1. Put a dot 7 Å past each Cα toward the Cβ at residue 96 and residue 313; how far apart are the dots in nm?
2. From the phi angles alone, apply the Karplus equation (6.51, -1.76, 1.60; θ = phi - 60°) to the stretch 75-88 and give each ³J(HN,Hα) in whole Hz, x where the residue is Gly or Pro.
3. Ordered by residue, what ³J(HN,Hα) values in Hz, to whole numbers, does the stretch 170-176 give under the Karplus form 6.51 cos²θ - 1.76 cosθ + 1.60, where θ = phi - 60° and Gly and Pro are x?
4. log₁₀ I(q)/I(0) of the stretch 248-346 at q = 0.24, 0.25 Å⁻¹, via Debye over equal Cα point scatterers, no solvent, to two decimals?
5. Taking the Cα-to-Cβ direction at residue 211 and at residue 350 and moving 7 Å from each Cα, how far apart do the two end points lie in nm?
6. When ranked by the protection proxy of mean other Cβ atoms within 10 Å per residue, highest first, what sequence do the peptides 289-300, 99-110 form?
7. Please label the shape of the stretch 63-179 as rounded, prolate or oblate, based on the square roots a ≥ b ≥ c of the eigenvalues of the alpha-carbon gyration tensor (a/c under 1.5 means rounded; beyond that, a/b larger than b/c means prolate, else oblate).
8. Which net charge results when you count Lys and Arg as +1 and Asp and Glu as -1 among the other residues whose beta-carbon is under 11 Å from that of residue 293?
Amino acid sequence: NPSKQQQQQQQQASSKRRSLGKQTKTIIQQHMLEERSVVSSLVGSAVEFVSGNSKRIANKGLVEKFKLSLARDAGEKTILNGGYSGEPVVKSPHIELMVAAYSIASRGRVVVMCSPADNGKSTAAEFFIHGNHPFRPERSLMVSATGMDDFALQFSELMGVKSASIEMDELLCMALAQKSQNSSKAGDAVDSSLCFAPSSRHSLGHEIEMYGRQSIPPPAVDIGKMPVLIIDNFNEATEKNKKFIKKLFNLASAFKVFVFVLTTKRDWATTLVGLNGGKKIKPLHGNVNNADYELAGDFTGVPDWNSLPWSVETLRELILPKCQKYGRDPTEVVPDGASMTPVIAQDKLNAILLAPRNS
């Protein structure tokens, strides 16, 4: 029989073997967990790579479709994200100066118009691309930037192609600069792939007519018509919008695209003009009081903006058809020496028409 001391030694050896077995098992389990973690990480990375690559491919496909849609819209002289009236117009100071700036241009540029709200900017822009006049461009786009503090991104999101924001300025110029082709059907085919609401797209349904004594005479010589981009209500003075314009005026020059930027903010308009020293981006001639600024020259100095006021004669022409219809004299609404916006003149006429007449 083993002695008591031998039994204790055997028990201790058995205990050590069990402990060693547990430690070995634990080490093996840890190694297995680490291997599974590495495999899982590798699988996750592979899935992420495939998913990210698929997303990039999908975004690239959307941008390509967006290019076709924009090309179609440019050929149809489309207004994007803005209202559309299509009503006849008179020759406002805005229309007259826009035509003058565009008609003599030999290369692409950005021209800034600054005028108060309700003074005729958007109406003039609408007529410029949709009106019955000899300088109407063959390809054009008009986009409203109302409330957009990051125009490139927010317009891209509006069009359902957020990934296009980093090249939006180039996409707009490219769509306008390409030659007229059968892009209409291609654009129609991809509209369903984009998230842009068709109700916010207005293409040329009819030519807007001009009435009154003044008209736009045809040019003596046909010097060609550049495509036109009009960005309306570009009022948010942000670094991102400034960055967009800084790139845009260079692209407009390279692609030979004429750009009108319309705003109500004078300080912001001055900032925009200062981005290129009055060469590739300049104020609308006649919209500033700087005496040394010529229509066919570069702009120097600080813009002294005016509000592009309407003359008494033009205001009277604006309301004349309605005055004739109801037997009123335009001078009753717009007396000599009056100063008012076209909206106020029309509102004033309505107020007179609704007031009871003295017997």
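Coordinate-derived values only; no laboratory data. It should be emphasised that the depicted structure is a prediction, and the values quoted were computed from it without experimental measurement. Because the Cβ atoms are built from the backbone with ideal geometry, glycine has one as well, and the counts that use them run over all protein chains shown.
1. Computed distance between label sites residue 313 and residue 96 equals 0.8 nm.
2. x, 9, 6, 8, 9, 10, 6, x, x, 8, 9, x, 7, x
3. So the J values, rounded to whole Hz, are 5, 4, 5, 5, 5, 4, 6.
4. -1.17, -1.24
5. With each label point 7 Å from Cα toward Cβ, the separation is 1.7 nm.
6. Working: 289-300: 12.5, 99-110: 17.7.
Most protected by this proxy first, the peptides run 99-110, 289-300.
7. On the way: a/c = 1.83, a/b = 1.48, b/c = 1.24.
Cα axes put the stretch 63-179 in the prolate bin.
8. On the way: positive: 282; negative: 292, 294, 298, 304.
Neighbourhood net charge equals -3.
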